[in-house]
Every structure is written in C-alpha cells, then in structure tokens.
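The values are calculated or read from the model by the stated rules, or taken from the named source; none is laboratory data. From a predicted model like this one, the values you see are computed outputs, not experimental measurements. When we count neighbours, we look across all protein chains shown, and the Cβ atoms used for this are built from the backbone with ideal geometry, even at glycine.
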Amino acid sequence: MKIMIIGPAYPYRGGLAAFNERLARQFAEEGHDVKVWTFTLQYPSFLFPGKTQYSTADAPENVKIYRKINSIDPLNWMKTGKELKKRHPDMVIFAYWMSFFVPCYGTIARFCANAGIRRMALVHNMIPHEPTLPDKLFPGCFVKNMDAFVALSSSVIGDIAQFDRRNKPKKMSPHPLYDHYGEVMPRQEAAKKLALDAEKQYVLFFGFIRKYKGLDLLLEAFADERLRKYPVELIVAGEFYESEQFYADLIARLPLAGLVELRTEFIPDDEVKYYFSAADIVAQPYRSATQSGVSQIACHFEKPVLVTNVGGLSEMIPDGKVGYVVAPSSVEIADALVDFFENKREKIFSENMREEKKKYAWSEMTNTFYELSKQLK
C-alpha cells in the first residue's frame, strides 16, 4: 500500500515524533511505501511551554519525512489537502493528540473524502489531561472527518465514542515498545555515565513535568521516613513545562535536599538508555492519563514500574507482577516503594517484565490498521 502519516516527526522532538517515525519504519519493513508529512510550523512559539520544539539529533534513518504543513495557515491546509488527494495514498493516518490541530487536520481530511482514500485516526488523547473549552467542542469535527480510529487504550476508545454519532470502526491497540533508544546496559556503567553513585538505588521520574503528572505526590511519598533505611535517591529527568519554583520549594520544605537528583533538561534520545539502565524502578504518579510512552520505555528496558490507577496506565502494568498500581496518593505511593525496597522485588519484577514486553510488538499496531482498513472496503 501507499501509506501517508500526518503528524509530528523530525526535526520536531518528543514522544509523538518518535512514535510516528517508528510506526513508519514498521510499515516500511512490511513492504509498504510510507511517507510522513510533518509541520513547517507545529506550534506558534508562544503556545509551546518548553524551551524548544526542535531536536538536536541527526535525522532518523530509513524514514521518508517531508515538511509540508503549517498548523495556522488555512491556505496551506487546502494546498496540502489537494496534493494529498492527487497523490492518492491507500491510507492516511492522522496522529491526533489535541484540539488545536482540528481545523488543520479536518480541512486536509475533507479533500480525501469520497476519493477512495481511507482516513485513519491514530488517537493518543481525545480529551487532553488539562482540557479547555475548545477541547470539549472541537474534537467532534475531527471525528466527523475520519473513517476509522485506532486508540492506545480502552479509555481513549470511550472518549472517541462521546463524539462519534455514526459508530465508526474503532480498535484499541496497546502502545508498542519504544525500542529505538538502545539496549539495556550494566547498571554500574549507566550510573557512571550519569555521574551517579552506583552503590545507591534509584527511583526514576522521567518525562516533561506538568501538574497532571503528579511529581509533587511522588516527592511527598519520597519524604516518608521508612525510605531512609535504604540507600535510595529519586532522579527527576525531564524538562519543566510549568513553574520550577513550586518544586524547589517543596523539596526544601519536605526536606529532600541531597535525596533528589534534578536533571531537568530535555533528555536527548541517546541518553535515555542511561537513565533507565541506572534506575531500579520507574514511577508514574499521574493524576490523570490515557496511556504512557514512559511505561513502554521502561518495559523495553525491563524495569519495574509504579503507576496510578488512572486512564489506561494500569492496562499495561499488572499489579504485583511487574510493578504496582496504586491510587494517586502519596501514602499509597510510599507504601509501594517501601514494599519494593524492603522485599527486594526488582529481580522478580524485571524477569516478569521480560515476558510481558513480548505483547507489545509494533507489528500488532500495524495489524490493527490493516484490520480496520479491510472493514472500510
């Protein structure tokens, strides 16, 4: 087939770009002609909360990426839609995660209507973690202009259904492994690369920092006196997308100075393996969620995971087998961490994760698109 993926990709950075690039590579390995059309302008700079939208790494190999789309230019949307219709791919996959892109995506998709081009939505979030009024009004327009939907968790399938009056085909396919960050390396070597004490144990919080991700809950849990029995520290690795001062004040008040390692810059792809290889357990104390690429990085590196029972996080982390599923409560998070270190559960959880990760091949994701495509013929 001729397949087009529309959404973030190099030179843009982050999990969505990584996902689209890896998905394109999988389709190509399965024999298809795949192109990714990404943005010339993704966000106006004043709307972007981080320091930069752009990657400093080399372009990914074996992925055909073209910068075509200006997210705020209606004339560009029409031009892109006309070109897409002329090229006539068999399938167009729109990577969707927020309502800001609905006017752009909807306009492009309308040019493919009634042209024998299957318009597939790959929905990461239907309703954002921190919704605004447009997030409640615009998604219906996006849903109207799609033919079928793939979501990464059952909770997102439910969110799509709220806007779908025609009961269009939908399938859930779990977030595949992020397996492009390299292989797990010896813990001592990883700690040395990060200038960490290899004799200590580490809880890892990874990814950009926003209120819904619950870092404050994790810090409060980490202040539990029971954890002081162990040589354990917390690594916070990721860029602040909100006030850094709030967390600095919290660390000082608890107090946790000397127990929290702040690496609060964007973590380049080639350094990700060091953080996950050095960690004993990965903590995701989210207040709200759909699914998480962080869980699938941890799964790839065979690391135990602590998640909260929100959204679809618990779908990927069997409680007591590869980690913990707890309420978004500092008390329950602390109880789980104490159990982990007190009962030395890292080895058995990691062994179980080695088996669990076999479920999350990228071929499962592409097969989901093939199955939906057949339903549309």
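Which one of Ser99, Ser45, Ser71 is over 27 Å from Asp269 (Cβ atoms), under 23 Å from the mean Cα position of the chain (by Cα) and assigned by TED's automatic domain parsing to the domain that holds Pro139?
Unique residue meeting the criteria: Ser99.
Among the residues of segment 226-268 satisfying the criterion of being part of a loop (DSSP other than H, G, I, E, B), surrounded by fewer than 12 Cβ atoms within 10 Å (Cβ to Cβ) and of a type in the set (Gly, Ala, Ser), which is modelled with the lowest pLDDT?
Ser243
For Ala327, only one of the following conditions fails: (1) modelled with pLDDT of 95 or more; (2) in contact with a Leu (Cβ under 9 Å, 6 or more places away or on another chain). What is its number?
That leaves (2) as the condition not met.
What's the total number of residues in segment 158-169 that are over 20 Å from the mean Cα position of the chain (by Cα) and either at positive phi or not small (Gly, Ala, Ser) (or both)?
Selection size over segment 158-169: 8.
Suppose we filter segment 176-213 for residues that are surrounded by 17 or more Cβ atoms within 10 Å (Cβ to Cβ) and either modelled with pLDDT of 95 or more or more than 20 Å from the chain's Cα centre (by Cα) (or both); how many remain?
10
For every residue, the table says whether it meets (1) assigned to a loop (DSSP other than H, G, I, E, B); (2) surrounded by fewer than 23 Cβ atoms within 10 Å (Cβ to Cβ); (3) small (Gly, Ala, Ser).
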position	(1), (2), (3)
Val294	no, no, no
Ile297	no, no, no
Val310	yes, yes, no
Val325	no, yes, no
Pro328	yes, yes, no
Asp335	no, yes, no
Lys344	yes, yes, no
Met353	no, yes, no
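Scan segment 96-124 and report the pairs whose first residue is in contact (Cβ under 8 Å) with a residue 60 or more places away in the chain and crowded, with 19+ Cβ neighbours inside 10 Å and whose second residue is among the β-branched types (Val, Ile, Thr) and part of a helix (DSSP H, G or I), with Cβ atoms within less than 7 Å and a gap of 6+ or a chain change.
Ile108/Thr80
Answer with yes or no whether Arg119 is among the basic types (Lys, Arg) and modelled with pLDDT under 95.
Against the criterion (among the basic types (Lys, Arg) and modelled with pLDDT under 95), Arg119 does not qualify.
Kindly establish whether Trp77 is in contact (Cβ under 8 Å) with a residue 24 or more places away in the chain, over 19 Å from the mean Cα position of the chain (by Cα), within 27 Å of Lys136 (Cα to Cα) and assigned by TED's automatic domain parsing to the domain that holds Lys136.
For Trp77, the condition - in contact (Cβ under 8 Å) with a residue 24 or more places away in the chain, over 19 Å from the mean Cα position of the chain (by Cα), within 27 Å of Lys136 (Cα to Cα) and assigned by TED's automatic domain parsing to the domain that holds Lys136 - is met.
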